[in-house]
Amino acid sequence: MPRTGHRLRGFRALALATVLAAAACTSAGDGPAAPKSRPASTATGKPDRQHPVAAFLQPAREAVMMADAAGRTWKAADLPPSTATSSFDTERLPSQLVWSPGASRLAWIDPGGVGQTGQIHLLDVRSGRLASRPCPCAGLGFLGEDAVSLATDGRSLLLFPPGGKARRIALDKRLSPYSQLATGGADDVILFSLLPEGGDIHRGEGTLVVADRKGTVRPLLPGKGTTSFAEAQRKPGSAAVAWADLESNGACWPLQTVKTHLGTAGAGAHRSLPDDAAFRHALVELPRMVTHLAWAGDGLTLTYSALSTCQVMSPQRAVSYYLRDGRWTYLGNGMLGVALGAEGRVVRLEDPVYAKADITDTAAPTTGTLTLTTGGGELVLGKGVSLFALTPAESAAARPPEASAAQPAARVVAVDDQGARLPATVRQLARDIADAAGRGDTDRLVELCDPCSTGERDWIRSDDGPRNVLRAIRTHPLRQPGGDLLYPGLTMCVDEPDQDISCTPQQLHDAAALRLKPGSAPGLEYGGSSYNASDAVVVPLTLRLEKGRARWTGLAAG
C-alpha cells in the first residue's frame, strides 16, 4: 500500500497524539528548559459565544470546546457516538479542527475504518447547530465559506455550503487513490496528488496541485517537483502555504521537515531547519515529527519532536519555534504545540500526559493542558486536550515574538546518569572545576586535581585540556561499584524505549552535549539508534567521595 495510505494517516494521528512521553514541562535540569510552570487560573464569567478565538478537542470529555479572547470556554459540540468511546482510537478521532475564513463554521472529520466511510461534521458557530453526514472524504479545508474535501476516488471535490445541499465539482484530471485535500483557500484549494511508484518516484511521493471551483487542476510545484505531504496550512488571506514534508518513512523512521511556498504556480518550495543549541539538544535530526504547525501573522509557529512510540522521550526532545523570512525564534521546549494570536495572546499545549503504546496500538492519544497567556496572566482553557486551532483572524493578527526565549547556558548537572541527586560536596567540586576550566585557569585545575600524576597534570595544561575538562564535567556521572563518579557516565545506550540499555533522559542530554550522532548498535538486537560515547573525543574524569569530602582524583582510563 502506498505510504500515504493507512500508514501515513496513522502517523498524522500520532503526530500530535504520541509525541511526548514526559508528564510535565520540566527539563532534566541540563539543557534548554521547557517553559517554566506559571501560576494559572481559570477565567470566569459568561463567554462570548459569537466571537471565539480558538477551538480544541477534549477526548475524555467527548467534546469539541471553544474559547473567547478572555479565556472563557464552552462546549461547542459533543463528539458523535462513533468517536466518543471509552477506549479512544486515534485512527477514529479527528486529526484536525478546521475553521472557515470568517470563523462562522468549524469542521472536522472522523475517518472511516477499513471498508467504511467516515463522517464529516459541520458546526454553525453562531447558532450552535451541528450537522453530521457520511463522507468518503480525503482531507479537509474550506473553499471560501464552503467546507470542502477530495472524494476518495480522486474524481471530484466534495462541497458542503452553509445551509445548502452538498454537491460535487468534477475535476478535469483524476487524482490517484490515497491523494487528499491538503488545505483550502479563498478561491482554490491545494491537493496532494500521489504519483505512481517507479523510476525516480519513491513510495509515498507525490506533488501538490491547485484546483478551483470549475474543477480545473494545475500544478503548484515547478517541473517534476515532488513532495511527501503530511499536513498543510494556508496563510489566512493569502495564497502562501506551509506543509510538513514527510521526507522518509517507516514504522520508526519518519523524517518531517516544514516547507513553505508562496502559492504561485511554478514557484519552488523553501526548506529550512533550525540549527541552534535547542534543536541540536533535542536530538531530532533523525527521526523527527512536526507535531504542530500554524500561521502567526507573516510567520509560522511549529514544533519539532522525536517520536515517543519509538524513541526515549523527555521534554527536551520537543522544541518549538517562530519562523519568519528564514529566521528562527526559539519559543521553548516540552510543548506539544504553541500558537500566537492577536493582542499578544499566546496559546500553549503543555504538561503532556502520555499513555504508553507501541506503534501498532494507538488507542490513547497524548493530551496536555491548554493555556492562554493574555494581559500578563495565564489562564487554563482545558486539561486533557489533544489538539487545538486558532481562528484565521486570530492567527492573522499575531505579532512576532519580541525576542527569543532564553536558552539556558550549559552548566554543571545536579544528578547522575540515572537521575539520582548528587551529594552537595560533589556538586560544589564539579562547579569549581567547571569555573576554572571555563576561565582556562590550568593552575587552578591542577590544584583541584588531587592527587594527579605528572602525566595527568601535563594533559590538563595542554592547549585542549581545559576545554576537554569542561565538556566532561558538564555531563552526568556514572556511579561505579567502588563509589567513584565517572564523568561522563555514558558509554552506550539505545534510543528505544523499554530496552535493557534504553537511554535515560540524562544520557540523551550527554549525547547532545558531546555532539554524538545516532548509529547502529552492532551485534545487539535493537531496532533503534544507539549513542556511543567512544565516538566522542572526551577523556573521563573521576570524582571520589571520602568521609563526606569530594575529591577529583584524576583521569579515568580511555
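The values are calculated or read from the model by the stated rules, or taken from the named source; none is laboratory data. This one's a predicted model, so the numbers in the text were calculated from it and none came from an experiment. Please note: Cβ atoms are built from the backbone with ideal geometry, for glycine as well, and neighbour counts cover all protein chains shown. All accessible areas refer to the heavy atoms of the entire protein, side chains included, with ligands and DNA or RNA removed. Shrake-Rupley method; radii C 1.70, N 1.55, O 1.52, S 1.80 Å.
Sequence gap at least 6, Cα distance under 8 Å: using those rules, report the relative contact order of the stretch 270-352 to the nearest whole percent. Normalised by residue count, the contact order of the stretch 270-352 is 24 percent.
Candidate cross-link partners of Lys517 among the lysines, defined by an alpha-carbon separation under 27 Å and a same-chain spacing of 8 or more, comprise Lys259, Lys356. Accessible surface of Glu343, taken over heavy atoms with a 1.4 Å probe and every protein chain present, rounds to 140 Å². The listed residues Leu486, Leu140 rank as Leu486, Leu140 when sorted by accessible area, largest first, using a 1.4 Å probe.
Bridgeable aspartates and glutamates around Lys173 (alpha carbons under 19 Å apart, same-chain partners fewer than 8 residues away excluded): Asp153, Asp187, Asp188, Glu197, Glu205, Asp212.
Over the stretch 388-542, the pair-distance histogram of Cα-Cα distances with 5 Å bins from zero comes to 2, 8, 15, 16, 16, 12, 8, 8, 6, 4, 2, 1, 1, 0 percent, rounded to whole numbers. Here the dipole of the stretch 279-400 is about 180 debye; that uses its Cα centre as origin and unit charges on the Cβ of Lys and Arg (positive) and Asp and Glu (negative). Given in Å, the Rg to one decimal and the Dmax to the nearest whole number for the Cα atoms of the stretch 188-285 are 14.8, 49. So what is the relative contact order of the stretch 121-274, in percent, for Cα pairs below 8 Å that sit 6 or more residues apart? Once normalised by length, the contact order is 14 percent.
Pairs of C-alpha atoms in the stretch 231-350 farther apart than 23 Å represent 27 percent of all such pairs. Going by accessible surface with a 1.4 Å probe and the largest first, Lys517, Lys224, Lys75 read Lys224, Lys517, Lys75. Rounded to the nearest whole angstrom, the semi-axes of the ellipsoid equivalent to the stretch 129-191, taken from the Cα gyration tensor as √(5λ), stand at 18, 13, 10, largest first. Within a straight-line Cα-Cα reach of under 22 Å, Lys165 can be paired with the following lysines, leaving aside sequence neighbours fewer than 8 residues apart in one chain: Lys214. Residues in the stretch 46-58 carry Karplus couplings, in order, of 7, x, 8, 5, 8, 9, x, 10, 8, 10, 8, 10, 10 Hz; the curve used is 6.51 cos²θ - 1.76 cosθ + 1.60 with θ = phi - 60°, and Gly or Pro positions show x.
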